[in-house]
1. Would a scan of region 80-92 turn up a residue that is under 15 Å from the mean Cα position of the chain (by Cα), surrounded by fewer than 15 Cβ atoms within 10 Å (Cβ to Cβ) and under 18 Å from residue 39 (Cα atoms)?
2. Looking only at region 128-150, which residues are more than 19 Å from residue 93 (Cβ to Cβ) and surrounded by fewer than 15 Cβ atoms within 10 Å (Cβ to Cβ)?
3. Considering only region 78-168, give the strands (runs of 3 or more DSSP E) lying wholly within it that have at least 3 residues that are among the hydrophobic types (A, V, I, L, M, F, W, C).
4. Mind listing whichever residues of region 18-41 are among the β-branched types (Val, Ile, Thr) and either at pLDDT 90 or above or within 17 Å of the chain's Cα centre (by Cα) (or both)?
5. Looking only at residues in region 42-67 that are in a strand (DSSP E or B), more than 13 Å from residue 144 (Cβ to Cβ) and among the polar types (S, T, N, Q), which one is modelled with the highest pLDDT?
6. Somewhere in region 129-137, is a residue farther than 26 Å from residue 46 by Cα and either charged (D, E, K, R) or touching a residue at least 24 places away in the same chain (Cβ under 8 Å) (or both)?
7. Considering (1) modelled with pLDDT of 95 or more; (2) more than 19 Å from residue 57 (Cα to Cα); (3) exposed (fewer than 11 other Cβ atoms within 10 Å of the Cβ), say which one residue 153 fails and leave the rest.
8. Where residues in region 101-116 are among the small types (Gly, Ala, Ser) and surrounded by 13 or more Cβ atoms within 10 Å (Cβ to Cβ), which of them is farthest from residue 48 (Cα to Cα)?
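The values are calculated or read from the model by the stated rules, or taken from the named source; none is laboratory data. All values reported here derive from a predicted model rather than from experimental measurement. Every residue, glycine as well, gets a Cβ built from its backbone with ideal geometry; the counts of neighbours run over all protein chains shown.
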Amino acid sequence: MKKSILLALMCAILYLNTFAQSPCNAKPHSHDFDFWIGEWNVYKSGSNNLVGRSIVQSISGGCAILENWTSTKASEGKSINYYNPGTGKWEQDWIGSAGGPQRYYNGEYKNGAMHFTYETTNAKGAKVSGNFIFYNIDKDTVRQYQDIINDDGKTITVSYDFTYVRKKQ
C-alpha cells in the first residue's frame with residue numbers, strides 16, 4: 001500500500017513539474033515548428049552556394065524557438081518564434097545587424113510547411129505584404145522562402161530562397 005501511494009505521489013510530482021514549468025507543452029500546436037530546431041548549413045536553394053549558418057534552439061521550457069543566424073557576408077541576426085494561444089497562430093520577431101526589425105504573423109503549419117505573412121514598407125514608402133514559408137522537406141532539410149507582393153498583388157518578387165541542411169553530428 002505504501003509503495004502504491006509513493007508511486008502515485010511521484011507520478012503526480014513528475015506530471016506537475018513537467019506541465020507547471022512548461023505549460024506550452026500542453027498547447028495543441030506548440031510544437032508545430034520543432035522541425036526547424038537544430039544546427040544548419042544554409043545554401044541558396046538549388047545550389048551549393050553556402051550563404052550562412054543557423055543554430056535554432058528550443059528555449060523557455062519549450063515555449064519559444066530562438067534562431068541564431070550568421071551569414072557568410074558577416075551579418076547576423078536572431079528571431080524568436082512562438083505559438084500565441086490568444087490568436088491560435090505562430091509569430092516570429094526578427095532583428096538583424098543589417099537593419100530593421102520585422103514581424104511575421106498568422107503562422108500556421110499546413111501541407112508540410114509553416115506559413116507566415118507579413119507587412120512592411122518598401123523603398124518608396126508604400127505598404128507591401130508577403131509570404132514567409134518554411135517547408136519541412138525531411139528531418140535533415142528545411143527550405144525557407146520569402147516573397148514580397150507589390151502593386152496590389154500584381155507583382156510577386158522572391159526576396160530569398162534558402163535550403164537548410166542539418167549539420168552532421
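1. The answer is no; no qualifying residue exists.
2. The answer is 138, 139, 140, 141.
3. 89-96, 113-121, 127-138, 141-150, 155-166
4. Hit for region 18-41 is 37, nothing else.
5. 57
6. no
7. If we test residue 153 against (1) modelled with pLDDT of 95 or more; (2) more than 19 Å from residue 57 (Cα to Cα); (3) exposed (fewer than 11 other Cβ atoms within 10 Å of the Cβ), just (1) comes out false.
8. Ranking the qualifying residues of region 101-116, first place goes to 107.
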